[in-house]
Amino acid sequence: MKNENIVFIGFMGSGKSSLARALSQKMDKVYLDSDSLIEMKFQKSISEIFKIFGEEFFRKEEQKLAYLFSMIDNTVIATGGGFIHVPNFKSLGFCIYLRAEFDFLSKHLSLEEKNKRPLFCDEIKAKKLYNKRIKDYEKKADLIIDIENKNIKELLEEIIKRI
Ligand code: S3P
């Protein structure tokens, strides 16, 4: 892999931001996070953005970022769980899917972390969304990393070995 972006995908709670940040430090690359960029633009949390403007508005913001990401390289990018649906996703770079079972993700996300995520507040709806998305994550991924019961250091080592 030369200067291609590295794009982290996966369901909510899979640790995309933490791992992407750690990898960017290790590889001396720029780090960008789609959710943080949207929050920064509106000076509001994701949950406020969903509440005030709605999900469709948020998805359009993701598409604008995807256009930007397609024009840069050498960057490690953490995406929100639904970012894979942007139309130009495949042009964004090398894609790493952080995979785990729904029950694992749910157990490891605190109530506070769940409440920050409008699509994880309702556990039953979240599980349905997970089941709908898993095949899409697998299809988009260039590399799948099973994250359960591994710490960030082990995951980082595994990623570096496999990219
Ligand atoms: C979403 C995941 C969230 C955030 C938004 C929608 C989704 O990001 O983008 O709440 O559709 O799965 P994380 O995956 O970082 O929690």
Problem set entry | Partner lysines for LYS44 [C-alpha distance under 19 Å; skip if fewer than 8 residues away on the same chain] | LYS60, LYS64, LYS114, LYS116
Seminar exercise, completed: Length gained if LYS135 through GLU154 is fully extended, taking 0.36 nm per residue and subtracting the Cα-Cα distance, is 4.3 nm
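Dividing the Cα radius of gyration by the Kirkwood radius, what Rg/Rh value follows for the chain? Before the final figure, lay out the partial values.
Working: Rg = 15.0 Å, Rh = 16.0 Å.
Using only Cα positions, Rg/Rh for the chain is 0.93.
Classify segment 1-49 from the C-alpha gyration tensor, please: rounded if a/c falls under 1.5, else prolate or oblate depending on whether a/b exceeds b/c.
Taking the square roots of the gyration eigenvalues as a ≥ b ≥ c, segment 1-49 is prolate.
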Seminar exercise, completed: Counting sequence-distant residues (5 or more places) and residues on other chains, those with an amide H built under 5 Å from that of GLY80 are SER34, ASP35
Exercise. Where the centroid of each part is defined by its Cα atoms, how far is segment 80-108 from segment 15-57 in Å?
Worked result: 13
For this session: Return the FRET efficiency for the residue pair LEU111, MET40: r is the Cβ-Cβ distance, R0 is 30 Å, and the value is rounded to the nearest 0.05.
Result: 0.75
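We did not get these values from a lab; they are worked out from the coordinates using the rules stated. This structure is a prediction, so every number in the text was calculated from the model and none was measured. Counting neighbours? That spans all protein chains shown, and the Cβs are built from the backbone with ideal geometry, glycine included.
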